[in-house]
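Asks: The structure is given below, and queries will be raised subsequently.
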Amino acid sequence: MGDPLFAKYGRSAKVGEILFETGDQGAEMFVIRTGAVRVFVTTRGIEKTLAILGPGEFLGEMSILTDQRRSATAEVVEDAELLVVGVRVLEEMIVHNTEIALRLIRKLARRLEAAGSLIGVLLHLDPRERVIDNLKRLAVLHGGGDGGQVRLEADFGAMAEQVGLEEQQVQEIMLKLINAGFIKAEDGTWVISQVEDIDDFLNFLKLKSQYR
């Protein structure tokens, strides 16, 4: 016997299929039943992967919740079965399914927290504090919140955009951090062995700035 939910809202998607592109008007969200979808943005002609989502995850919800255009592109990277959910269906699901409502709230809360962290980075006047605080933020986002080692893509341009500095400034600051042993440069990545180390250095800079 088939799944009535998939029969009503489901669709299959092959590897390479684009579900939506940056700038598209969003009228639906997707729930992944099987397979995987990559979410990415293109900056200066270079694709930057934001997430690879698998079964149980959903995407595209922000556009239909805020009535704004898509902020990223979604590509199927593993043959997938998807539930395609429009605005009215989503509203019904939220009203009648507590689990779906809670998952949406948790996901939106994580996004707000990430946005708040980035705003905190931009409030720093000292360029070194901006870069170091952003490294800490990225380390936590990539699983280094417990203090363990984390590996980040070595992208000076992206870092400069995130912290509101010139790329040359970011390169100079990162080089000083590498020479000081707080991070390592390996195979196109930045490796942070202990997140606490850069956190301690950031606190030192903040304390130093208070007594100038």
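Asks: Between Arg103 and Asn179, what FRET efficiency follows from the Cβ-Cβ distance if R0 is 45 Å, with the result rounded to 0.05? Could the numbers behind the result be given before it?
Replies: Numbers: r = 44 Å, r/R0 = 0.98.
Efficiency computed from Cβ-Cβ geometry: 0.50.
Asks: Please rank Met62, Met174, fewest neighbouring Cβ atoms within 10 Å first, as an exposure proxy.
Replies: With the sparsest Cβ surroundings first, the list reads Met62, Met174.
Asks: Another one. Sort segment 4-96 into rounded, prolate or oblate with this rule: let a ≥ b ≥ c be the square roots of the eigenvalues of the Cα gyration tensor; rounded if a/c is under 1.5, and if a/c is not under 1.5, prolate when a/b is larger than b/c, oblate otherwise. Mind showing how you got there, number by number?
Replies: Numbers: a/c = 2.27, a/b = 1.30, b/c = 1.75.
It is oblate, given that a/c is not under 1.5 and a/b is not larger than b/c.
Asks: Follow-up. Could you compute the FRET efficiency for Glu78 and Glu153, with r as their C-beta to C-beta distance and R0 at 25 Å, rounded to 0.05?
Replies: Details: r = 22 Å, r/R0 = 0.87.
E between Glu78 and Glu153, to the nearest 0.05, is 0.70.
Asks: Mind scanning Lys14/Lys184; Lys136/Lys176; Lys8/Lys48 and naming the pairs with a C-alpha gap bigger than 28 Å? Can you show the working numbers first?
Replies: Working: Lys14/Lys184 39 Å; Lys136/Lys176 16 Å; Lys8/Lys48 34 Å.
Where the Cα-Cα span goes over 28 Å, the pairs concerned are Lys14/Lys184; Lys8/Lys48.
Every number here is computed from the coordinates shown, using simple stated rules; none is lab data. Every value quoted in this text rests on a predicted model; they were computed, and no experiment measured them. Quick reminder, even Gly has a Cβ in these numbers, built from the backbone with ideal geometry, and neighbours come from all protein chains shown.
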